[in-house]
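The values are calculated or read from the model by the stated rules, or taken from the named source; none is laboratory data. Just so you know, these numbers come straight off a predicted model, no measurement behind them. For neighbour counting, all protein chains shown are included, and Cβ atoms are generated from backbone atoms with ideal geometry for every residue, glycine included.
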Amino acid sequence: MGITSFVKPLSFEEYKEKYKEHFVIERKDGIIMLRGHTQGKSIMWSPEIHRAIHQVIRDIGSDPENEVMIFTGTGKYWIGHMAKSGVDTDFDEAKQRQWGSYNIQYIDGTKIVENLILDLEIPTIGAINGPGFHSEMLLMCDLTICTEDTIILDPHMKAGLVSGDGFHCALQGLLNPKRAAYAMLTSQPFDAKKALEFGLVNEVVPKDKIYDRAWELGKEFMKFDRFQRRLMVHIMRKPWKRRIVEDLRDGFAHEMFSYNVTHTLHDPAERKKLLKSAGIDVEDR
């Protein structure tokens with residue numbers, strides 16, 4: 001026995017409790033499902049869940065009992081709305097914008113994608129449970145399935161920003177350069193059929209079967225040897241790792257610059273119009 005001890009990762013029960021405000025976490029036979037929610041309904045995007053995503057991914061990746069991860073959402077939408085932040089500081093408006101730009105948007109934003117690609121040594125399944133934005137996280141899972149009513153779009157340009165928070169990596173990695181440029185410049189919506197045709201997703205399934213199909217795929221992966229599974233992850237992820245290292249923070253820097261010089265950031269009327277084009281009626285929430 002050594003003179004020091006190993007630092008123990010959080011147990012499943014510990015991180016299940018730690019993140020319960022943002023995620024319902026289940027595990028069956030080594031397969032862990034991370035299902036985002038806001039007060040039991042579809043995710044409302046906020047700085048709080050923005051941070052929680054990369055933190056929970058890190059804890060899941062540190063637990064050797066996890067062998068496959070399913071990442072999905074709750075209810076009708078994947079992410080359909082934006083919530084008012086509960087973040088409070090003593091800074092004046094200018095300082096708070098600076099503090100939030102770096103600590104919340106830049107650091108938390110880059111860590112979501114970096115932790116998803118770099119910190120998980122296990123296969124990942126993205127299960128898009130409906131229309132919504134910020135679907136880049138699920139598109140960059142090793143396999144991605146979606147419901148028949150799914151609509152995927154990158155809203156950045158029409159919302160007053162540039163696409164640099166990971167959506168650009170997802171689109172450029174999965175589409176050819178011309179299609180990716182068109183999707184980013186025009187906020188082109190991809191319905192489920194087009195997403196499958198263009199290679200954004202692997203399967204389209206009925207809405208009431210999305211979770212069942214994700215579990216089925218997870219069980220298929222569990223038939224492989226543990227080390228075979230984990231070593232295969234490195235082969236599958238290599239293109240994403242290259243793209244993340246070369247493009248993610250550069251893109252994010254450009255997006256944050258646009259954030260700090262624009263006066264049309266996430267204009268409510270424009271956002272409502274964009275969400276409606278993605279099949280999301282903001283009055284539902």
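Taken over region 118-138, residues that are part of a helix (DSSP H, G or I) and over 11 Å from the mean Cα position of the chain (by Cα) amount to 2. With respect to Phe133, determine if the residue is of a type in the set (Phe, Trp, Tyr), surrounded by 22 or more Cβ atoms within 10 Å (Cβ to Cβ) and at pLDDT below 95. Answer is yes for this residue. For region 246-268, does any single residue satisfy the condition of being out of contact with any helix residue (DSSP H, G or I) (no Cβ under 9 Å at 6 or more places or on another chain), among the polar types (S, T, N, Q), crowded, with 16+ Cβ neighbours inside 10 Å and modelled with pLDDT under 95? Yes - at least one qualifying residue is present in region 246-268. Being assigned to a helix (DSSP H, G or I) and modelled with pLDDT under 95 is not true of Lys219. Would you confirm whether or not region 139-161 contains a residue that is free of Cβ contacts under 8 Å to residues at least 40 places away in the same chain and over 15 Å from the mean Cα position of the chain (by Cα)? Within region 139-161, one or more residues are free of Cβ contacts under 8 Å to residues at least 40 places away in the same chain and over 15 Å from the mean Cα position of the chain (by Cα). Residues considered: Asp63, Asp29. Of these, the only one that is among the acidic types (Asp, Glu) and in contact with a Leu (Cβ under 8 Å, 6 or more places away or on another chain) is Asp63. Residues that are within 15 Å of His134 (Cα to Cα) and either free of Cβ contacts under 8 Å to residues at least 24 places away in the same chain or part of a helix (DSSP H, G or I) (or both) within region 173-194 comprise Ala183, Met184, listed in sequence order.
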